[in-house]
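Below you'll find the structure, written out as structure tokens, and then a few comments.
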Amino acid sequence: MYLTLNGQAIQTDARSLFALVPEHADRVVILNGFQTAEDLSLSAGDCVTVIQKGIFPPRDVLESMMAARHTPGVFKKVKAARVAIAGLGGLGSHVAFALARTGIGHLHLVDFDIVEPSNLNRQCYRIQDLGKPKTQALAEQLQEVNPYLTITTDFVRVTAENAAVLFSKDPIVCEAFDAPAAKAALIDAILTACPDTILVAASGMAGFDSCNTITTRRITDHFYLCGDGHTAAQPGRGLMAPRVSVCAGHQANMILRLIVGEDTP
């Protein structure tokens, strides 16, 4: 019978996983998107991915593995997608990692700031990143997670005047700023000057209130808003890793849904 092994069509007489992969003890075995240690039966048309533990695979095998772990058809769409992230702090850095691990094809990272100590409480940076531009530090980390990811960076402050040009090639833009004025300026610029661009923004994720109040709302056909909508950072209620990362998860998941053709929150 014919099946797919590590992205390649093969013909085999094996009727079970262990017959197909006799040396399976030190390998990750995935059958039709399900990682298993059992000797499951094989059928014609099955998709099997086998990865040796502890060794980085070549690109075609890695992509076959990622495709195998996703819902059928999802990885192909994600790989072809391009997403911009405006602001690489607590929201943007977490969104970038989520999309990179999902297998996004092209990330456009935009920020004007450098990594400093107060970032370490909620952002995806390390002590060794202190003093580096956030665009550089985040790109380096993302390449360690997914070396086949294409990354474009702009080390620049986003303004109402340059936003339309900066994001002119990006079908989806993730707004991830801290300052309300910067958020408003970007939202207004994108919705006004880039009518075909979809914007996924965030508002309200400070403190340690219940994460269940963080939601994703569709404001217009091209504008989605994540967060609780009102919990801003202020004295006595700072930005903390758990709620910020939950809100970033909402943004990343909405972006993923848009990429695969789902436009409802």
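Given a 1.4 angstrom probe, I'd like the percentage of the accessible area of the stretch 174-265 that is carbon and sulfur, rounded to a whole number. Mind showing how you got there, number by number?
Values: 2490 of 4310 Å².
Looking at the stretch 174-265 in its full context, I get 58 percent from C and S.
Give the accessible area for ILE219 in Å² (nearest 10); use a 1.4 Å probe, count only protein heavy atoms, and leave out ligands, DNA and RNA. Approximately 80 Å² for this residue. The tail of the calculated P(r) for the chain, taken as Cα-Cα distances beyond 36 Å, holds 23 percent of the pairs.
Gain in length, ALA184 to ALA44, computed as 0.36 nm per residue apart minus the alpha-carbon separation, to one decimal in nm? Intermediate results must be reported in sequence, preceding the final value.
Working: separation 140, 0.36 × 140 = 50.40 nm, distance 5.41 nm.
Between ALA184 and ALA44, full extension yields 45.0 nm more.
For the stretch 117-218, the list of GluC sites (Glu not before Pro) that fall in a loop by DSSP and count at most 11 other C-beta atoms within 10 angstrom reads GLU161. The Rg/Rh ratio for the stretch 64-157, using Cα coordinates for both the radius of gyration and the Kirkwood hydrodynamic radius, is 1.00.
Figure note: ASP263, ASP178, ASP111 ranked by solvent-accessible area, largest first, 1.4 Å probe, ligands and nucleic acids not counted: ASP178, ASP263, ASP111. Scanning residues 5 or more positions from VAL21 or on other chains, none has an amide H under 5 Å from its amide H, with H placed 1.01 Å from N in the peptide plane. How far is the Cα center of the stretch 138-168 from the Cα center of the stretch 208-265, in Å? That distance is 21 Å.
When every Cα-Cα distance of the stretch 28-102 is counted in 5 angstrom steps from zero, the calculated P(r) takes the values 3, 13, 20, 20, 16, 13, 8, 4, 2, 1 percent.
State the dimensionless ratio Rg/Rh of the stretch 179-231 (Rg: radius of gyration of Cα atoms; Rh: Kirkwood radius). Write down the numbers at each step before the final one.
Values: Rg = 12.1 Å, Rh = 11.8 Å.
Over the Cα atoms of the stretch 179-231, Rg/Rh equals 1.02.
Put simply, the amide H of ASN6, placed in the peptide plane, has neighbours under 5 Å in VAL48, THR49, VAL50, leaving out anything fewer than 5 places away on its chain.
State the antiparallel share, in %, of DSSP beta bridges confined to the stretch 113-265, rounding to the nearest 5.
On the way: 7 of 14 bridges.
If I count the DSSP bridges inside the stretch 113-265, around 50 percent turn out antiparallel.
Heavy-atom accessible area for TYR148, with the other protein chains in place and a 1.4 Å probe, reaches approximately 60 Å².
If you roll a 1.4 Å probe over the heavy atoms of the protein chains, what accessible area per residue do you get for the chain, in Å²?
48
For the set MET254, MET66, solvent exposure ranked by accessible area (probe 1.4 Å, protein chains only) runs largest to smallest as MET66, MET254. The loop-placed GluC sites (Glu not before Pro) in the stretch 15-109, going by DSSP, that have at most 16 neighbouring Cβ atoms within 10 Å of their Cβ come out as GLU23, GLU38. Here the simple spin-label model places points 7 Å from the Cα toward Cβ, and for TYR2 and THR215 these points are separated by 4.9 nm. Paramagnetic label reach from ARG237 (point 7 Å along Cα→Cβ; backbone nitrogen cut-off under 16 Å): within the stretch 190-229, residues 203-215, 227-229. Among beta bridges from DSSP that stay inside the chain, the antiparallel ones total about 45%.
Going down the table (LYS53/LYS132; LYS79/LYS183; LYS53/LYS77; LYS79/LYS169), which pairs top 24 Å between alpha carbons?
Details: LYS53/LYS132 33 Å; LYS79/LYS183 28 Å; LYS53/LYS77 27 Å; LYS79/LYS169 16 Å.
Those over the limit are LYS53/LYS132; LYS79/LYS183; LYS53/LYS77.
Figure note: ILE55, ILE187 ranked by solvent-accessible area, largest first, 1.4 Å probe, ligands and nucleic acids not counted: ILE55, ILE187.
Per-residue 3J(HN,Hα) values for the stretch 193-208, derived from phi via the Karplus relation 6.51 cos²θ - 1.76 cosθ + 1.60 with θ = phi - 60°, read 8, 10, x, 8, 7, 9, 10, 10, 10, 9, 7, x, 8, 7, x, 10 Hz in sequence order (x marks Gly and Pro). The ratio of the alpha-carbon radius of gyration of the stretch 1-145 to the globular-protein estimate 2.2 N^0.38 Å is 1.32. The slack in the chain from GLU144 to PHE56, taken as 0.36 nm per residue of separation less the alpha-carbon distance, amounts to 30.6 nm.
Can you give me the C-alpha center-to-center distance between the stretch 78-115 and the stretch 8-74, rounded to a whole angstrom? Each part's Cα centre sits 29 Å from the other's.
Proximity of backbone amide H atoms, modeled 1.01 Å from N, is registered between ARG27 and LYS53 at under 5 Å, excluding neighbours fewer than 5 places apart on the same chain.
The values are calculated or read from the model by the stated rules, or taken from the named source; none is laboratory data. Small disclaimer: the values here were computed from a predicted structure and weren't measured. Note: ideal-geometry Cβ built from the backbone for every residue, glycine included; neighbour counts use all protein chains shown. The area values use the complete protein model at the heavy-atom level, side chains included, leaving out ligands, DNA and RNA. Shrake-Rupley method; radii C 1.70, N 1.55, O 1.52, S 1.80 Å.
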